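Written below as structure tokens is the structure these notes are about.
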Amino acid sequence: MKNIAVVGAGIVGICCAYFLKKSGLRVTLIDREDPGTMTSFGHACSFADYANVPVNYPGLIWDIPKMLLKKDGPLAVDFFYIVKHLPWALSFLKNCKKEKVDEIASSLTNLLKHSQISYDEIFKEVNVQEYISHEENLYLFDTKKSLDDYEYANIIRKNNRVKVRNLNKEQVKELEPNIADVYYAGQLFTGSRHTTNPLAISTKIFEKFLDLGGIYIKQNVNNLIQKEKSIELSLGTQRINFDKIIVCAGAWSNEIAKMIGDKFPLDTERGYHILFETDEKLIKRPVAWSESGFYLIQIHDGVRAAGTVEIAGLNKSPNSSRIEMIERQSRKVLPQLGNVKSTWMGRRPTLPDSLPIIGKSQKNNNVIYAFGHQHIGWTLGAVTGKIIDSLSRDHIPNIDISAYSPSRF
């Protein structure tokens, strides 16, 4: 029986561990934090199988100055950080050419179209229905110009057969009557669903993994030593040999990769959320606000406003102005919001072509990578887990994964 280590207990790591254990392997899940409590905890809660439009898009280089000057815009950048990491920024911009964007969107669609069925395979055995809502996600445009500027996304989705329904103002009002009269029009993502408690879902899948005989070690990986037919992990005072290691540590994955001589252009998109108190049901579905790039979602313990993008690396302290902006814009869209209960910042692992890395290391065939899912790690957790299960057993996945190869960098 193969002995597999899965490093990283976010939703991707939890799903990898679950599918590997279902295949009868000996599996140890390793993380220095509790499962599901980092980036997988604080996102916008959507199973966003429609999210095939990459962050890269044609003309972005001309829009960046306007976005940065916009007080309540969706993007914030630490210029000193960007100067230090200029190669990454240039590589990102190179992937904004139309032909490259079309290629990226097609590759994302290739994964996303399998995302729901892969989760449903887990949910047949792990009962999480109380934490899932099938009210479709709504995207609001603040002005006609915002709607017109979004046409490139509409074309990409249409070309990849992603179904979207356009709504006028009256139709939006009928769906969500508590939203303030600050929008121009909307779109509904047909067939989408979301969770009202992402941590509960992560925990349920993790607990099933343990029930199946999986092992969890709460430790940091200090070192990785390559041996002739195995890999030794140093975990605190322990040293344990494994046949294979799955690296799915999100924004921290490069730290593990460097231990065997791999290095990837992995960076971090920092996202934020605010949790507001409420005693009533204010909205039925995730509601995205185009002006500022975040979603409002009614979850089990309040209303969460989650999203935006900040390029500032792993280590900088949270940006209070981002939190203030999200609160200000949230109250503009939904004035009935109560007091702020808590705030949060997470780190999305992002590569310059907006695609994840899924595949075997070129340095060591027994090291397999699964990270870099940027905004849609929650959505792609289960399908990534199924792919990793196939690769770990030296099978060919039933999905073409060539676009996500570690060798592309």
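The values are calculated or read from the model by the stated rules, or taken from the named source; none is laboratory data. Being a predicted model, the structure only gives us computed values, none of them experimental. In this analysis, Cβ positions are derived from the backbone assuming ideal geometry, glycine residues included, and neighbour counts consider all displayed protein chains. These accessible areas exclude ligands, DNA and RNA; they are computed on the full protein's heavy atoms, side chains included. Shrake-Rupley method; radii C 1.70, N 1.55, O 1.52, S 1.80 Å.
Descriptive notes on the structure:
- Translational diffusion of the stretch 128-263 was estimated from the Stokes-Einstein equation, with Rh taken as the Kirkwood radius over Cα pairs; at 25 °C and 0.890 mPa s the coefficient is 124 µm²/s.
- Carbon-plus-sulfur accessible fraction, the stretch 293-336 (probe radius 1.4 Å, protein heavy atoms only): 51%.
- With the alpha-carbon atoms of the chain aligned to their principal axes, the span from lowest to highest coordinate is 64, 44, 40 Å, starting with the largest.
- Calculated diffusion of the stretch 155-214, Stokes-Einstein form, Kirkwood radius summed over Cα pairs, 4 °C and 1.567 mPa s, µm²/s: 86 µm²/s
- Enclosing the Cα atoms of the stretch 334-409 in their convex hull gives a volume equal to 146 cubic angstrom per residue.
- Accessible surface, 1.4 Å probe, highest first, among residues TYR119, TYR150: TYR150, TYR119
- Sequence ranges 282-288, 187-193, 221-227, ranked by mean other-Cβ count within 10 angstrom, highest first: 282-288, 187-193, 221-227
- Where ASP400, ASP279, ASP243, ASP31 fall by accessible area, highest first, once all protein chains stay in place (1.4 Å): ASP279, ASP400, ASP243, ASP31
- Heavy-atom accessible surface of the stretch 108-193: percent carbon and sulfur, 1.4 Å: 47 percent
- Relative packing of peptides 297-304, 132-139 - highest average C-beta neighbours within 10 Å first: 297-304, 132-139
- Against the chain, whose longest principal axis comes from its Cα atoms, helix 377-392 is set at around 20 degrees.
- In a simple Cβ point-charge model (Lys, Arg +1; Asp, Glu -1; nothing else charged), the chain has a dipole of about 800 debye relative to its Cα centre.
- Per residue accessible area of the chain, 1.4 Å probe, in Å²: 43 Å²
- Building the convex hull from the alpha-carbon atoms of the stretch 9-48 and averaging its projection over directions returns 3.2 nm².
- Cα-based radius of gyration of the stretch 1-136 once divided by 2.2 N^0.38 Å, which approximates compact folds: 1.35
- Fraction in percent of alpha-carbon pairs per bin - 5 Å, the stretch 38-107: 3, 13, 17, 20, 21, 20, 6
- Computed 3J(HN,Hα) for the stretch 191-201, one whole-Hz value per residue from the Karplus formula 6.51 cos²θ - 1.76 cosθ + 1.60 where θ = phi - 60°, is x, 6, 9, 8, 9, 9, 7, x, 5, 5, 5, glycine and proline marked x.
- Protection-proxy order for peptides 140-147, 75-82, each taking the mean of Cβ atoms within 10 Å per residue, highest first: 140-147, 75-82
- Tilt relative to the chain, helix 60-69 - C-alpha long axis, 0 to 90 degrees, to 10: 60 degrees
- Using alpha-carbon coordinates, inclination of helix 11-22 to the longest axis of the chain, degrees: 40 degrees
- Positive end of the dipole of the stretch 151-265 (Cβ unit charges, origin at the Cα centre): among VAL164, LEU210, ALA251, the Cα lying farthest that way belongs to VAL164.
- Put simply, the C-alpha atoms of the stretch 111-186 give a gyration tensor, and the ellipsoid matching it has half-axes of 29, 19, 8 Å, longest first.
- Remark on SER342: its backbone amide H falls under 5 Å from those of LEU275, a criterion applied only to residues 5 or more positions apart or on other chains, H modelled at 1.01 Å from N.
- Per residue, the convex hull volume that the Cα atoms of the stretch 320-378 enclose (Å³): 146 Å³
- Overall form of the stretch 265-361 per C-alpha gyration tensor (a/c, 1.5; a/b vs b/c): prolate
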